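Before any comments, here is the structure.
The values are calculated or read from the model by the stated rules, or taken from the named source; none is laboratory data. Given the structure is predicted, the values throughout are model-derived calculations rather than measurements. Don't worry about glycine lacking a Cβ; one is built from the backbone with ideal geometry, like all the others, and counts go over all protein chains shown. The accessibility values were calculated without ligands, DNA or RNA, using every heavy atom of the protein model including side chains. Shrake-Rupley method; radii C 1.70, N 1.55, O 1.52, S 1.80 Å.
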Amino acid sequence: MRVRTFGYFFRQAVVSILRNSLMSFASVSSVAAVLIILGMVLLLGLNVDYIASDIESQVEITAYLADGLDVKQVSEIGQKLIQVKGIKEVKFVSKDEALKEFKKQLGDQGDLLEGIKEDNPLPDFYRIKTINPSDISEVAAELDNIEGIVDIVYGKEVVDKLFKLTGWTRLIGLATITIFAFVSIFIISNTIRLTVFARRKEIGIMKYIGATEWFIRWPFLIEGMLLGLIGALISVSVINISYYYLTKTVAQSLPVIKLIPFDSLLYKITVGFMAIGALLGALGSGISIRRFVKV
Amino acid sequence: MIRMFGVSKIYRNGIKALSDINFHIKKGEFVFIVGPSGAGKSTLIKLIFREELPSSGQVIVAGRNVARLRRKDLPFFRRKIGVVFQDFRLLPDKTVFENVSFAMEVVEASKSEIRRRVPEVLELVGLRGKEKSMPSELSGGEQQRVSLARAIVNNPEIVVADEPTGNLDPETSWDIIKLLQQINLRGTTVVVATHESSIVNMLRKRVIAIEKGRIVRDQQKGVYNYES
Ligand SMILES: Nc1ncnc2c1ncn2[C@@H]1O[C@H](COP(=O)(O)OP(=O)(O)O)[C@@H](O)[C@H]1O
Ligand SMILES: [Mg+2]
């Protein structure tokens with residue numbers, strides 16, 4: 001294909017998009033919608049993985065103690081803990097220390113905790129390190145029997161809960177994406193069909209002048225791909241802007257939660273989504289071209 | 001250049017438009033296809049540029065059996081044939097120049113070729129100075145000239161015209177026929193379907209007359225009717 005010919009195809013496509021503005025708008029919106037939902041599901045999933053691996057790497061068990069134990073009871077529990085097989089290190093953290101730690105984690109927002117100093121709701125706990133990270137589940141099960149320990153939390157358990165929660169979100173998200181993808185292919189194919197219909201006279205003339213099938217088809221294919229690309233561009237902008245503000249807000253108000261940094265996702269999502277957008281557009285116009293543009 | 005052997009055409013709705021058509025049009029000939037409306041003239045023309053396929057028999061055009069043309073060869077086959085219709089079939093949103101250059105763009109001619117060739121053809125059909133006009137600004141005769149220019153701009157071996165003067169007054173019709181004759185004199189085979197006797201009678205070219213889908217007469221230096 002000559003460069004000039006491509007220019008001709010491109011102009012045809014742009015003219016059609018502008019002429020069919022309503023259908024073009026519907027096509028672009030549907031692609032943008034699919035990709036925005038895809039973006040949300042993707043970012044949720046990636047962040048859960050990210051947070052999960054962060055938590056999993058912490059081979060610590062936190063054993064929360066019942067409220068109102070005296071010093072003797074607490075140290076008894078400590079003695080029992082040390083005797084459990086597989087435990088390397090045991091450290092007591094009082095509720096006051098816990099509050100201080102928490103305050104430190106919150107950073108700038110630490111002042112928020114000022115008010116609760118008097119009536120600290122945090123429990124005392126033991127921070128336990130295992131000799132072998134892979135033994136953590138068995139060790140944790142062992143601790144369950146010790147009196148005075150009310151709750152045991154360790155990374156893997158949190159991760160499992162997190163995954164259970166996001167499993168459903170993912171499933172629903174993917175189902176929605178699939179449906180929307182079909183809808184947008186359908187809308188695009190209808191848009192292209194309208195263009196083909198509007199230009200049927202020209203197509204007829206092109207045929208008996210001796211235009212090749214692909215010469216006639218390219219402008220429609222480009223039109224579909226352009227619609228998909230514009231939709232992708234919109235979704236990428238929306239996702240990037242939203243995620244930028246999300247990471248910023250979370251970093252300020254909830255520094256405990258570490259989201260994937262904004263910059264490292266931007267590029268991949270942009271490139272990937274443009275490709276998906278163009279693909280949706282090509283599929284949509286492909287359907288109409290196959291049916292309605294024959295030499 | 002154009003041969004038909006025992007050709008018949010039955011449309012999908014069961015109408016038999018042509019039956020047992022046999023003729024041979026040689027390179028450089030000028031031929032009228034005549035007959036009353038509904039005789040099958042348009043169907044015959046459509047068989048030539050493979051708009052339709054014969055139901056039986058062989059259609060050989062420019063050395064190719066049209067029924068055996070592969071889909072990917074079809075465009076290149078059609079480039080050998082220029083087609084002119086009664087209703088001109090110009091693109092209303094393109095200028096005269098663009099309507100003609102469009103035919104060259106479609107076959108991916110270079111820009112310099114287009115710049116050289118289009119004015120040459122417009123000159124030939126007598127439309128010099130109308131390059132920038134829109135089809136709606138032209139008379140019927142002028143529009144048909146544009147469509148003629150488009151048909152010959154890629155130097156086809158054959159020009160087929162289906163009722164090219166059907167929408168024109170007698171004087172303008174005569175101009176168009178003279179142009180077709182001029183194109184023929186440059187070596188192009190020309191086939192004109194018409195039901196206008198005056199033109200046919202004046203030119204005295206070969207006449208193939210069809211009625212109800214059959215050839216009733218094939219005559220050199222013919223006239224429209226025996227009677228007239
Ligand atoms: N595409 C078509 N489908 C069905 N019947 C057709 C079609 N085109 C033409 N016919 C029929 O075939 C016969 C010949 O038509 P046509 O070739 O157009 O004749 P002419 O051009 O001499 O008037 C007519 O009866 C017409 O109704
Ligand atoms: Mg006819």
Packing-based order for A:89-101, B:153-165, using average beta carbon neighbours within 10 Å, highest first: B:153-165, A:89-101
Average other protein chain Cβ within 10 Å of Cβ, residues B:77-84: 3
R0 of 51 Å, Cβ-Cβ distance B:R70-A:R19: FRET efficiency to nearest 0.05: 0.90
HN-Hα J in Hz across segment A:83-99 - Karplus 6.51, -1.76, 1.60, θ = phi - 60°, x for Gly and Pro: 7, 5, 5, x, 8, 9, 8, 10, 9, 7, 10, 6, 4, 5, 5, 4, 5
Accessible area buried, both sides summed, chains B and A with 1.4 Å probe, Å²: 2100 Å²
Other-chain or far-sequence residues with amide H under 5 Å of B:S55's (modelled H): B:S8, B:K9, B:I10
In nm, spacing of pseudo-spin labels at A:K164 and A:I257 (7 Å Cα→C-beta vector): 2.0 nm
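Kirkwood hydrodynamic radius, the protein assembly as shown, all distinct C-alpha pairs: what's the number in Å?
It works out to 29.8 Å.
In whole percent, how big is the carbon plus sulfur part of the accessible area of segment A:183-295, probe 1.4 Å, protein atoms only?
Roughly 72 percent of what the probe reaches on segment A:183-295 is carbon or sulfur.
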Unsatisfied cross-links (Cα-Cα over 29 Å) in the set B:K94/B:K178; B:K46/B:K221; A:K294/B:K80; B:K9/B:K178; B:K26/B:K212: B:K9/B:K178
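Counting DSSP beta bridges with both partners in the protein assembly as shown, what percentage is antiparallel, nearest 5? List each step's numbers first, then the result.
Values: 34 of 53 bridges.
If I count the DSSP bridges inside the protein assembly as shown, around 65 percent turn out antiparallel.
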Cβ-based net charge around B:I210, under 13 Å, with every Lys or Arg adding one and every Asp or Glu removing one: +3
Residues of chain A: accessible area per residue with a 1.4 Å probe, Å²: 56 Å²
GNM result for chain B, Cα springs below 10 Å: residue of B:V61, B:V34, B:V107 fluctuating most strongly: B:V107
Karplus (6.51, -1.76, 1.60) ³J(HN,Hα), θ = phi - 60°, over segment A:169-185, in Hz, Gly and Pro reported as x: 4, 4, 4, 4, x, 5, 4, 4, 4, 4, 4, 5, 4, 5, 4, 6, 4
Carbon plus sulfur fraction of accessible area for segment A:33-90, probe 1.4 Å, in percent: 57 percent
Nonlocal amide H pairs with B:T188, under 5 Å, H built at 1.01 Å: none
Integer Hz, Karplus 6.51/-1.76/1.60 couplings in order for segment B:93-109, x for Gly and Pro: 9, 10, 6, 4, 4, 5, 4, 7, 5, 3, 5, 7, 5, 4, 8, 6, 6
Heavy-atom accessible area, 1.4 Å probe, ligands and nucleic acids excluded: residues of segment A:188-215 down by at least 10 Å² from chain alone: A:K201, A:E202, A:I205, A:M206, A:K207, A:Y208, A:I209, A:G210, A:A211, A:T212, A:E213, A:F215
Amide H contacts under 5 Å for B:E211, placed H, 5+ residues apart: B:V216
